[in-house]
1. What dipole magnitude, in Debye to the nearest 20, does the range 74-126 give about its Cα centre under +1 on Lys/Arg Cβ and -1 on Asp/Glu Cβ?
2. Over the C-alpha atoms of the range 1-58, what are the Rg and the largest Cα-to-Cα span, Dmax, in Å?
3. If you project the alpha carbons of the range 80-140 onto their three principal axes, what span does each projection cover, largest first, in Å?
4. Of all beta bridges DSSP finds with both residues in the range 1-111, what is the antiparallel percent, to the nearest 5?
5. Ser74 versus Phe120, label points 7 Å from Cα toward the beta carbon: distance in nm?
6. Per residue, how much accessible area does the range 11-140 show when a 1.4 Å probe rolls over the protein heavy atoms, in square angstrom?
7. Can you give me the % of accessible surface on the chain that is carbon or sulfur? Probe 1.4 Å, all protein chains present, nothing else counted.
8. Which one is right for this structure if P(r) over Cα pairs in 10 Å bins from 0, in percent is calculated from it: (i) 10, 31, 33, 17, 8, 1; (ii) 13, 46, 37, 5; (iii) 11, 39, 37, 13, 0?
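The values are calculated or read from the model by the stated rules, or taken from the named source; none is laboratory data. Remember, it's a predicted structure, so these values are computed and weren't measured experimentally. Neighbour counts are summed over all protein chains in view; Cβ atoms, including those assigned to glycine, are modelled from backbone coordinates with ideal geometry. Note: accessible area is taken over every heavy atom of the protein model, side chains too, but ligands, DNA and RNA are not part of it. Shrake-Rupley method; radii C 1.70, N 1.55, O 1.52, S 1.80 Å.
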Amino acid sequence: DGKGIVGQHWYNDKKVLKDMGITNLIDAPTFECMIKMIKAGRADWIPLEISNSQDSSMTLYGVHLVPIPGVKFSLLESRHFFISKTHPEGEKIYGALQKGLKELRKQGFIHKILTQAGMFNPNADSWTILNGEKMKAGLN
């Protein structure tokens, strides 16, 4: 329950949360401001990656943050590379990029890096994904 806080430019976070029916959100201009607003009691929670610490908690700007146990959500986003179709080397670059990404996926490198960055967390593998159906639909 409670009031959530997000960055004023966290458009994807806001959309995903609103699509899940969460509307009690306030905006803040900076990350530090968000944490300070939690400390001051003006917000109760913030959507963040799950820490790789043993108890999945983190301390930011002197505020100890603990995830809600057993639940998580996906931001349903992707990364893109822009390659010019009109550039003389565009097709060659596109092919090399696709080949490289395929090999990095095959080696598990992309998953490893995203895990190290906090996007995937083995401690939370068994947690329920609140928007799991939308996430699965986006993978197809």
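1. Rounded to the nearest 20 debye, it is 160 debye.
2. Cα only, the range 1-58: 11.7, 31 Å (Rg, Dmax).
3. 48, 24, 17
4. On the way: 3 of 8 bridges.
Antiparallel bridges make up about 40 percent of those DSSP assigns within the range 1-111.
5. 1.2 nm
6. Numbers: 9730 Å² over 130 residues.
Value for the range 11-140: 75 Å² per residue.
7. 56 percent
8. Checking each listed value against the structure points to (i).
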